[in-house]
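The values are calculated or read from the model by the stated rules, or taken from the named source; none is laboratory data. It should be emphasised that the depicted structure is a prediction, and the values quoted were computed from it without experimental measurement. Methodologically, a virtual Cβ is constructed for each residue, glycine included, from the backbone with ideal geometry; neighbour enumeration extends over all protein chains shown.
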Amino acid sequence: MALGEPYSMGKKIFRYGQLMITKALPDKPNSKERMDQDLKRPKLLFLAYSFPPVRTIASVRTWNIAKYLSRLGWDVTVLTADPSLWRKVEGGEKVLTELDREGISRILTGHRWVFLHPVHLKCWNQKLGRIAGGICRIIARYLGIENDIGWVKAAEQVCSTLNPEDVDVILTTGPPFGVFSLAKRLSKKWGCPYVLDYRDPWENPAKGRYKARYAERVIRTTEEALIDGTSAVVAISKSLLNGTGSLTSKLHVITNGFDPEEMEQIKPYNFGHFSIVYAGIFYPPQRTITPVMQALKVVKASRIDQTTQWKFHYYGPQNEHVRAEAQRFGVLDRVELHGLVPRSEALAAVRGSGLTVVITSVLDETADVHKEMTNGKLLDKAIVTGKLFDALGLGAPTLIVGPRGGDVETIIETTGLARIIAAKNLDEMALFLEQAISGNTPPPKNPEAYAWPTLIKKLDVLLRTSIRNGTRKVARIHS
């Protein structure tokens, strides 16, 4: 019976200890020379919910962290959910080959309560199952329970099979943020340090009015305790944890980035006309295509439309949103919808584009980046989406739709290639699009500053320092 049916859910998802362990580490010869070499490799346990071949933008970050730490002399073991549990995976066999080549070990876990995350996880989500799961999700949201909580329970069960000598330091990335608490428990059990990696802010999922207030207090108290106990905190942007106490000198910014080895394999797609490309998903009301379609309406009415053929191309799972907005603003004849395609195809489109579009937020700017967060607007300025770095790595000129004064502005001052325009500035956006179609785009400066071989050096030093400063002294750690 297939995974996702009622019987299978009971047998495979709700039970404890679905201990599926896969080692991708190459066989090691039993020689004194190799044993001495291994003694010099510090051991990292990387708790990563999203990891290839799972197709999420988070997997791009986790893969590059594992890959380039391994190349810097780390013995990397990634603890992650079994890919067979996910709805969208890509290149499973290729991932196994790359894990073997890079010398990365992988421990696969089960996942309980998959019905809390039906968009990404395989589960019984039809008819009665959909109704029952929907009720459970409503209750979970009311209580402030993360929809990924079932993985944390399964991961902890698997970790019971590991020993203190298997791990020198724990690196954990969130969301999900329940795994941060697991890292602290394992750290206490094994006597090793742990490091927290924030890809997003830890937001309150509770929806009930009074429950949300209580959940907010619990989350902030828990977060303070976790930060107090960790040896270091990593965030993708400086403003992401603004206002969070106990950080002091523990906070280190390591942005997302691009893998130059992946990018050099991408050949540009020939559109045959000037192409404006958006590849990714939307999160209404924060991220929508609306202001871009409004600006394209102005472009369509301009003189450039009479002299140059151009089209907007969308790659992603939300065709209907783009179609509806294009139709609303009368530019549907200038829009092509490609749907969800393999990552390599989307990257080829970005490389072949005349201009690529990245959206961080379309919401109004109401809070200065250095002031206390108001109605979530500071978080808008802290967003530095991974899609931006794909474009930078491919050398694609980029329009960033988002608030000024955010962390992304510092990045493009270094890299060039991009310009940021607020969603409300439609005339400025339309003019920029017209200039791009005419061949006038921002030149590159130093995008290599955000290549993973460069970024990973900071994390390498951070993790090694955490081991040296930890309560358990490890003789094998070296610079």
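Looking only at residues in region 240-261 that are surrounded by fewer than 18 Cβ atoms within 10 Å (Cβ to Cβ) and among the small types (Gly, Ala, Ser), which one is modelled with the highest pLDDT?
The extreme case among them is 249.
Which residue, of 138, 104, 65, is of a type in the set (Val, Ile, Thr) and closer than 30 Å to residue 215 by Cα? Spell out how you get there, then give the answer.
On the way: 104 fails: closer than 30 Å to residue 215 by Cα; 65 fails: closer than 30 Å to residue 215 by Cα.
Answer to the check: 138.
Name the helices (runs of 4 or more DSSP H) wholly inside region 91-202 in which the number of residues that are more than 20 Å from residue 49 (Cβ to Cβ) and out of contact with any helix residue (DSSP H, G or I) (no Cβ under 8 Å at 6 or more places or on another chain) is 1 or more. Walk me through it before giving the result.
Details: elements: 92-102, 128-143, 149-159, 178-190.
Helices (runs of 4 or more DSSP H) meeting the threshold: 92-102, 128-143, 178-190.
For residue 380, only one of the following conditions fails: (1) closer than 25 Å to residue 316 by Cα; (2) modelled with pLDDT of 95 or more; (3) among the charged types (D, E, K, R). What is its number?
Unmet condition: (2).
Mind listing just one residue for me: the one in region 394-410 that is modelled with pLDDT of 95 or more and buried (at least 17 other Cβ atoms within 10 Å of the Cβ) and, of those, nearest to residue 267 (Cα to Cα)?
Start the filter on region 394-410 by keeping residues that are modelled with pLDDT of 95 or more, which leaves 394-401.
Remaining after also requiring buried (at least 17 other Cβ atoms within 10 Å of the Cβ): 394, 396-401.
Values: 394: 10, 396: 13, 397: 16, 398: 18, 399: 21, 400: 23, 401: 26 Å.
Among residues in region 394-410 that are modelled with pLDDT of 95 or more and buried (at least 17 other Cβ atoms within 10 Å of the Cβ), the one nearest to residue 267 (Cα to Cα) is 394.
Mind listing whichever residues of region 268-317 are among the small types (Gly, Ala, Ser), surrounded by fewer than 18 Cβ atoms within 10 Å (Cβ to Cβ) and closer than 17 Å to residue 435 by Cβ?
Going through region 268-317, the residues among the small types (Gly, Ala, Ser) turn out to be 272, 275, 279-280, 295, 301-302, 316.
If we keep only those that are surrounded by fewer than 18 Cβ atoms within 10 Å (Cβ to Cβ) as well, we get 272, 301-302.
Those that are among the small types (Gly, Ala, Ser), surrounded by fewer than 18 Cβ atoms within 10 Å (Cβ to Cβ) and closer than 17 Å to residue 435 by Cβ: 301, 302.
Identify the residue in region 217-239 that is touching a Ser or Thr at 6+ places or on another chain (Cβ under 6 Å) and over 18 Å from residue 200 (Cα atoms) and, among all such residues, is surrounded by the fewest Cβ atoms within 10 Å (Cβ to Cβ).
Per the stated criteria, the residue is 228.
In the set 430, 449, 436, 391, which member is modelled with pLDDT of 95 or more, out of contact with any helix residue (DSSP H, G or I) (no Cβ under 8 Å at 6 or more places or on another chain) and in a helix (DSSP H, G or I)?
436
Of the residues in region 263-292, how many are in a helix (DSSP H, G or I) and touching a strand residue (DSSP E or B) at 6+ places or on another chain (Cβ under 8 Å)?
So the first thing to find is which residues in region 263-292 are in a helix (DSSP H, G or I), and the list is 263, 290-292.
Those left that are additionally touching a strand residue (DSSP E or B) at 6+ places or on another chain (Cβ under 8 Å): 291-292.
Within region 263-292, residues that are in a helix (DSSP H, G or I) and touching a strand residue (DSSP E or B) at 6+ places or on another chain (Cβ under 8 Å) number 2.
So for region 134-148 (the condition being buried (at least 20 other Cβ atoms within 10 Å of the Cβ) and touching a Lys or Arg at 6+ places or on another chain (Cβ under 8 Å)), does at least one residue qualify?
Within region 134-148, one or more residues are buried (at least 20 other Cβ atoms within 10 Å of the Cβ) and touching a Lys or Arg at 6+ places or on another chain (Cβ under 8 Å).
Being among the β-branched types (Val, Ile, Thr) and at pLDDT below 90 narrows it down to one residue among 170, 139; which is it?
On the way: 170 fails: at pLDDT below 90.
Within the list 170, 139, the selection yields 139.
Sort through 409, 448 and tell me the only one that's among the acidic types (Asp, Glu), out of contact with any strand residue (DSSP E or B) (no Cβ under 8 Å at 6 or more places or on another chain) and closer than 26 Å to residue 234 by Cα. Can you show your working first?
Details: 409 fails: out of contact with any strand residue (DSSP E or B) (no Cβ under 8 Å at 6 or more places or on another chain).
Going through 409, 448 in turn, just one is among the acidic types (Asp, Glu), out of contact with any strand residue (DSSP E or B) (no Cβ under 8 Å at 6 or more places or on another chain) and closer than 26 Å to residue 234 by Cα: 448.
Considering only residues of region 99-133 that are under 22 Å from the mean Cα position of the chain (by Cα) and either loosely packed, with under 15 Cβ neighbours inside 10 Å or among the polar types (S, T, N, Q) (or both), which is farthest from residue 145 (Cα to Cα)?
105
Could you check residue 34 against (1) among the basic types (Lys, Arg); (2) at pLDDT 95 or above; (3) surrounded by fewer than 21 Cβ atoms within 10 Å (Cβ to Cβ) and say which number it fails?
Answer for residue 34: the failing condition is (2).
Based on this model, can you work out whether residue 149 counts as among the hydrophobic types (A, V, I, L, M, F, W, C) and in contact (Cβ under 8 Å) with a residue 24 or more places away in the chain?
Working: among the hydrophobic types (A, V, I, L, M, F, W, C): yes; in contact (Cβ under 8 Å) with a residue 24 or more places away in the chain: yes.
Spelling it out, residue 149 is indeed among the hydrophobic types (A, V, I, L, M, F, W, C) and in contact (Cβ under 8 Å) with a residue 24 or more places away in the chain.
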